[in-house]
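Heads up: the structure comes next, in C-alpha cells.
The values are calculated or read from the model by the stated rules, or taken from the named source; none is laboratory data. Just so it is clear, the model here is predicted, and its values are computed rather than measured. In this analysis, Cβ positions are derived from the backbone assuming ideal geometry, glycine residues included, and neighbour counts consider all displayed protein chains. Ligands, DNA and RNA are excluded from the accessible area calculation, which covers all protein heavy atoms including side chains. Shrake-Rupley method; radii C 1.70, N 1.55, O 1.52, S 1.80 Å.
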Amino acid sequence: MCCDSKRRFLLLYATQKGQAKAIAEEIWQQAGAHGFEADMHCISEMDKYNLETEKDPVVIVISTTGTGDPPDTARKFVKKIQEKTLPPDHFAHLQYGLLGLGDSEYMFFCNGGRTVDRRLQELGAQHFYDTGLADDCVGLELVVDPWIDGLWLALKEVLQLQEEKEGMNNAVGAVSSSLSPAPHAVHELNLSSEVQNLKLEDERARGSDVLSQKLDDINFVAPASNTEPSLVYSVPPLSQCALNIPVLPPEYIEVQLQDTQGENPHLSSLISEGTTFEVPVTKAVQLTRGDAIKTALLLELDIADTVFEYQPGDAFCVICPNNASEVEKLLHILGLSAKGDDFVCIKVKQGTKKKGASHPQHIPERSTLKFILTWCLEIRAIPKKAFLRALVECTSDMGEKRRLQELCSRQGASDYTRFIRDSNVCLLDLLHAFPSCKPSLSLLIEHLPKLQARSYSVSSSNLYQPGRLRFVFNVVEFPASPSRPVSRKGVCTGWLAELVALLLHPSKNVPDANGEGFSTQKISIFPRPNNAFHLPADPSVPFIMVGPGTGISPFIGFLQHRQKLREQHTDWEFGETWLFFGCRHQDRDYLFKQVQYLTFILSFLENGTLTHLKVCFSRDSSTAEVAPPKYVQDVLRLYAKEVARVLLKERGYFYLCGDKKHMADNVSDAVVDILSTEMEADKLEAMKILAMLREAKRYLQDVWS
C-alpha cells in the first residue's frame, strides 16, 4: 500500500472505564503503518465531527455499561440518532465498521454497540466491515486483535471504491451499480472459526504495528524439557517460535517528585458521577457462621444528615482505597519508599506521539505519591497486553524479557489468558515473578487504569427506617496460586471488613489513651439509581423474588418497604409476594433468617408482608426418600403452575438478583421450561414470551459476575 498520501478515516470511541478508548488509540497508532490517517475523537465531542456530512469511512469502538446501556459518553449521541423525526435515508451516505465491547456474563451482551449499530442501519448507513462483538468474559483480545487485523484491508477496499467512483463521475449513471458497495448483513465476530481465520492482509505494511521477534535475537535460559508452562516459563512451540508483538505504546507523561508541604484533595474530587457523601458506619453484623464457606457482612450507614436519596432496588457506590500493605510493597519495589509523601507533578511530554495526550483525568493536579497509589490507580488491575509490551522495555534479564514478549504476543494468547487473565494476576504479581523488571512511575501512571468505586445493592427502605442505609456483601477471597504467590481479599470488601472489625467484635474494642472507645468509621459513597429494578408501581400486582446468597439483599428492602406501605395504607389492595432463597447450609449461611437486632425473613412471613417463602440448601445432606431441591431453579420448577399464573394471568413481576455465572442463566432456563410446559408451547415460543417480559420490564435482573 502506498503511504505517500495517507487516506483519512473517522475514528470514534465511546468508553466508560477506558477500554474502548485504549482500543481506539491502538487503531490510531497502527493506522499510519498501513497508510491511513485516523481522525480520532470521543463520540461525545460532537462539535469536532459531523456524521451528517462525513464522506470518509467511520470506525466506531463502543463499550456497554450497566444492564446493557451505552456508556455515559455516548448518551448524547444515542439520543440524537434515536430522534423519531430522522428519515430512513438520513445516513445513506455513511459507511462504517463497529467494534462493540461487552461481557457475556450479563444479559444484554454488547447492547451499547448493538443499539448504535441497529439504529445506524435503520437510518440507511452501510457496513464496509463486519461488526465485531468482543467478550470481556473470555478476553476482549480474542475478537479485538483479529478485528483490527482485518480492518486495514476493508478500509483499503472501501476507499479504493470511493476513489474509482470519484474518477468516473462522467459515467456514474452507467457504472454506479457495480461500484457502490452493497449493504450486507452483520456477521458478529464472536468466538467462532471466523475469528481464527482473520489475518493481517497487508504484510508489507505491517511495519511498526507488529514486531517479528526472532529467537536468535534473544539469549535466554530455557527451562528443563519436563517443565510445565507457567507465568514465568513457556514450552515449545511457543518458546521456540518467532513472535508478533504489539507496537510499543508511546510514552506521553513526565513525572517529578517534589518534597513540599500541602494537603491531598478530598475524595469527592475523584468522582465525576455526582455528589459524594461521607457517612458514618453505625452497625456491622456478620450474617454467616464462622465456619461458612463465605463470610457475609451487613453494614448500616447513617445518612440522616445528608440529602442522599434512594429507593429499594437502587445501588450505590463506595469509594475505596487499595490495600495499604500492597501500596507499601509497590513503593518498595519502585525504590520510592522514602518518597511516599512527596507531591507528584505530572506534565505531558513534549513531542509525544500519543494522540490527544493530556494529564490523566483521574489523577489530581496536586497530590502525594502515596495518595495516587492508594486512591487513584487500580494496582490490582489485570495488565493489558499493551502494558506488558511496555514492561518488556523495563526488563533487563533476557529470559524474563522474552517471556513478557510471549505473553503479549499473538502466539502467546492462550498463555496470557491462562496465566494472567484467568489467574487474576496484577502488577505486583508480575514484578514478583519478573524481578529484573523495573518500571518507572510515569509508566505505571500511563498504564494503570482508574481505581473504580465499587457498587452495592441497597438492602433497606428509607420509608421503613429513615436516615439509614444498609447493604450486604460477601468478603471476596482470592486464594494463592502458582501465578499469585499470596492470597488476597477483594479491594473494597477486604477494606470494609477491616474497617469494621471492632464493630464486629466489640470485645476487642480496647479504649484508647483518652479512655475513648471505638471511633466511628466513615466511608464515602455516591448514589447509582437503578431505573428499572424497583417495586411495581401498582401495589396490587404480585411479584416473585429470586435471590440466593447475598442476592437476597435488595429484597429485604422490598419487603421492608411493602410492610410499611401495608401499615400506612390499610385500605389498599396488595398482591401476593414470593421469595425463593437458597444457600449452602441452613445452619451456617441462611442470611436474615434470625439475626439479633435485624428484621428477618420469618417476621415478614408472619405478618403477611411475604406471602410465600421457599428455601433450599445445596450442601446439606438429607435422609428423605425424595431428595429436596438443591438450587432455586429447582424450587421454581416445583411451583411451575404458580410461577406461570403470576407472570401470565396476573401480569406480575419477576425479580432476580445474585451471581450471574452460576445462577442467573439457570433460573432463566427454568422460567423458559415453566412457560413452555404451562403454555403447552415449544421452547422457542417460551423464549419469545420471556423476551417480551424483559422488554416490558417485568422480568428484571440485578446480577454480577
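Could you tell me whether any residue of the stretch 147-170 is modelled with pLDDT of 80 or more and under 30 Å from residue 695 (Cβ atoms)?
Yes.
Restricting the stretch 490-504 to residues that are aliphatic (A, V, I, L, M) and part of a helix (DSSP H, G or I), which is least open to solvent (accessible area, probe 1.4 Å)? Lay out the reasoning, then the answer.
First, pick out the residues of the stretch 490-504 that are aliphatic (A, V, I, L, M): 491, 496-497, 499-504.
Narrowing further to those that are part of a helix (DSSP H, G or I): 491, 496-497, 499, 501-504.
Values: 491: 20, 496: 0, 497: 22, 499: 30, 501: 38, 502: 63, 503: 48, 504: 40 Å².
Once the filter is applied, the top-ranked residue is 496.
Please go through the stretch 658-685 and give me each residue that is out of contact with any Lys or Arg (no Cβ under 6 Å at 6 or more places or on another chain) and closer than 11 Å to residue 644 by Cα, ordered by number. Can you show your working first?
Here is the first cut: in the stretch 658-685, the residues out of contact with any Lys or Arg (no Cβ under 6 Å at 6 or more places or on another chain) are 658-669, 671-675, 677-685.
If the condition is that a residue be out of contact with any Lys or Arg (no Cβ under 6 Å at 6 or more places or on another chain) and closer than 11 Å to residue 644 by Cα, then 671, 672, 673, 674, 675, 677, 678, 679 are the ones that fit.
Go through the stretch 382-401 residue by residue and tally those that are among the hydrophobic types (A, V, I, L, M, F, W, C) and open to solvent by 20 Å² or more (accessible area, probe 1.4 Å).
4
Give the number of residues within the stretch 51-67 that are small (Gly, Ala, Ser) and either surrounded by fewer than 17 Cβ atoms within 10 Å (Cβ to Cβ) or touching a strand residue (DSSP E or B) at 6+ places or on another chain (Cβ under 6 Å) (or both). It would help to see each step written out before you state the result.
Of the residues in the stretch 51-67, the ones small (Gly, Ala, Ser) are 63, 66.
With either surrounded by fewer than 17 Cβ atoms within 10 Å (Cβ to Cβ) or touching a strand residue (DSSP E or B) at 6+ places or on another chain (Cβ under 6 Å) (or both) added as a condition, the list becomes 63.
Selection size over the stretch 51-67: 1.
Among the residues of the stretch 18-26, are any in a strand (DSSP E or B) and under 30 Å from residue 161 (Cβ atoms)? It would help to see each step written out before you state the result.
Of the residues in the stretch 18-26, the ones in a strand (DSSP E or B) are none.
No, there is no match, as no residue in the stretch 18-26 is in a strand (DSSP E or B) and under 30 Å from residue 161 (Cβ atoms).
Is it true that residue 404 is more than 23 Å from residue 28 (Cβ to Cβ) and crowded, with 21+ Cβ neighbours inside 10 Å? Break it down into steps so the answer makes sense when it comes.
Working: more than 23 Å from residue 28 (Cβ to Cβ): yes; crowded, with 21+ Cβ neighbours inside 10 Å: yes.
Judged against the criteria, residue 404 is a match.
Per-residue answers, yes or no, for (1) closer than 26 Å to residue 437 by Cβ; (2) at pLDDT below 95; (3) open to solvent by 20 Å² or more (accessible area, probe 1.4 Å); (4) not aromatic (Phe, Trp, Tyr):
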| position | (1), (2), (3), (4) |
| --- | --- |
| 306 | no, no, yes, yes |
| 318 | no, no, no, yes |
| 321 | yes, no, no, yes |
| 350 | no, yes, yes, yes |
| 354 | yes, yes, yes, yes |
| 368 | yes, no, no, yes |
| 374 | yes, no, yes, yes |
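Enumerate the strands (runs of 3 or more DSSP E) found wholly within the stretch 275-389, keeping only those where 3 or more residues are touching an Asp or Glu at 6+ places or on another chain (Cβ under 6 Å), touching a residue at least 40 places away in the same chain (Cβ under 8 Å) and not acidic (Asp, Glu). Please lay out each step first, then the result.
Working: elements: 277-286, 296-302, 315-319, 343-348.
So the answer is 277-286.
Looking only at helices (runs of 4 or more DSSP H) that fall completely inside the stretch 584-665, which ones have 1 or more residues that are without any contact (Cβ under 8 Å) to a residue 12 or more places away in the chain and surrounded by 15 or more Cβ atoms within 10 Å (Cβ to Cβ)?
On the way: elements: 601-606, 632-638, 640-644.
Per the criteria, 601-606.
Select from the stretch 253-288 the residues that are open to solvent by 40 Å² or more (accessible area, probe 1.4 Å) and either among the hydroxyl-bearing types (Ser, Thr, Tyr) or touching a Pro at 6+ places or on another chain (Cβ under 6 Å) (or both) and list them in ascending order.
Scanning the stretch 253-288 gives 260, 268, 269, 272, 275, 282.
Within the stretch 349-367, can you find the residues that are among the basic types (Lys, Arg) and over 17 Å from residue 15 (Cβ atoms)?
If we filter the stretch 349-367 for residues that are among the basic types (Lys, Arg), which is where we start, we get 349, 353-355, 366.
Once the filter is applied, which keeps residues that are among the basic types (Lys, Arg) and over 17 Å from residue 15 (Cβ atoms), the stretch 349-367 yields 349, 353, 366.
Anything in the stretch 566-589 that is among the charged types (D, E, K, R) and touching a helix residue (DSSP H, G or I) at 6+ places or on another chain (Cβ under 8 Å)? List them, or say none. Even if it seems obvious, please write down each step before you answer.
Within the stretch 566-589, the subset among the charged types (D, E, K, R) is 566-567, 571, 573, 576, 584, 587-589.
Hits for the stretch 566-589 are 576, 589.
Within the stretch 1-50, restricting attention to residues that are among the polar types (S, T, N, Q) and over 27 Å from the mean Cα position of the chain (by Cα), which residue is surrounded by the fewest Cβ atoms within 10 Å (Cβ to Cβ)? Step through it out loud before you land on a result.
At the first step, the residues of the stretch 1-50 found to be among the polar types (S, T, N, Q) are 5, 15-16, 19, 29-30, 44, 50.
Subsequent filtering for residues that are over 27 Å from the mean Cα position of the chain (by Cα) retains 5, 50.
Numbers: 5: 7, 50: 9.
So the residue we want is 5.
Select, from 250, 236, the only residue that is open to solvent by 60 Å² or more (accessible area, probe 1.4 Å) and either within 27 Å of residue 406 (Cα to Cα) or modelled with pLDDT of 95 or more (or both).
From the options 250, 236, the qualifying one is 236.
If you scan the stretch 95-108, which residues turn out to be surrounded by fewer than 21 Cβ atoms within 10 Å (Cβ to Cβ) and either touching an Asp or Glu at 6+ places or on another chain (Cβ under 8 Å) or farther than 30 Å from residue 661 by Cβ (or both)?
The answer is 103, 104.
Evaluate the following for residue 128: is it of a type outside the set (S, T, N, Q), buried (at least 21 other Cβ atoms within 10 Å of the Cβ) and farther than 16 Å from residue 43 by Cβ? Lay out the reasoning, then the answer.
Working: of a type outside the set (S, T, N, Q): yes; buried (at least 21 other Cβ atoms within 10 Å of the Cβ): yes; farther than 16 Å from residue 43 by Cβ: yes.
Answer is yes for this residue.
Given the conditions (1) open to solvent by 10 Å² or more (accessible area, probe 1.4 Å); (2) in contact with a Leu (Cβ under 9 Å, 6 or more places away or on another chain); (3) of a type in the set (Gly, Ala, Ser), report the number of the one that residue 313 does not fulfil.
So the condition that residue 313 fails would be (1).
Can you work out which of the residues in the stretch 68-86 that are farther than 30 Å from residue 457 by Cβ and in contact (Cβ under 8 Å) with a residue 24 or more places away in the chain is surrounded by the most Cβ atoms within 10 Å (Cβ to Cβ)? Outline the logic, then answer.
Residues of the stretch 68-86 that are farther than 30 Å from residue 457 by Cβ, as a first pass: 80-81, 83-86.
Of the ones still in play, those that are also in contact (Cβ under 8 Å) with a residue 24 or more places away in the chain are 80-81, 86.
Values: 80: 11, 81: 18, 86: 16.
Here the residue is 81.
Take the stretch 103-160 and flag every residue that is in contact with a helix residue (DSSP H, G or I) (Cβ under 8 Å, 6 or more places away or on another chain), of a type in the set (Ser, Thr, Tyr) and not in a helix (DSSP H, G or I).
Correct list: 106, 129, 131.
Taking only the stretch 530-568 into account, find how many residues are in a loop (DSSP other than H, G, I, E, B) and in contact with a strand residue (DSSP E or B) (Cβ under 8 Å, 6 or more places away or on another chain).
Step one: of the stretch 530-568, the residues in a loop (DSSP other than H, G, I, E, B) are 530-542, 547-548.
From what is left, the residues that are in contact with a strand residue (DSSP E or B) (Cβ under 8 Å, 6 or more places away or on another chain) are 530, 532-533, 535-536, 541-542, 547-548.
Of the residues in the stretch 530-568, 9 are in a loop (DSSP other than H, G, I, E, B) and in contact with a strand residue (DSSP E or B) (Cβ under 8 Å, 6 or more places away or on another chain).
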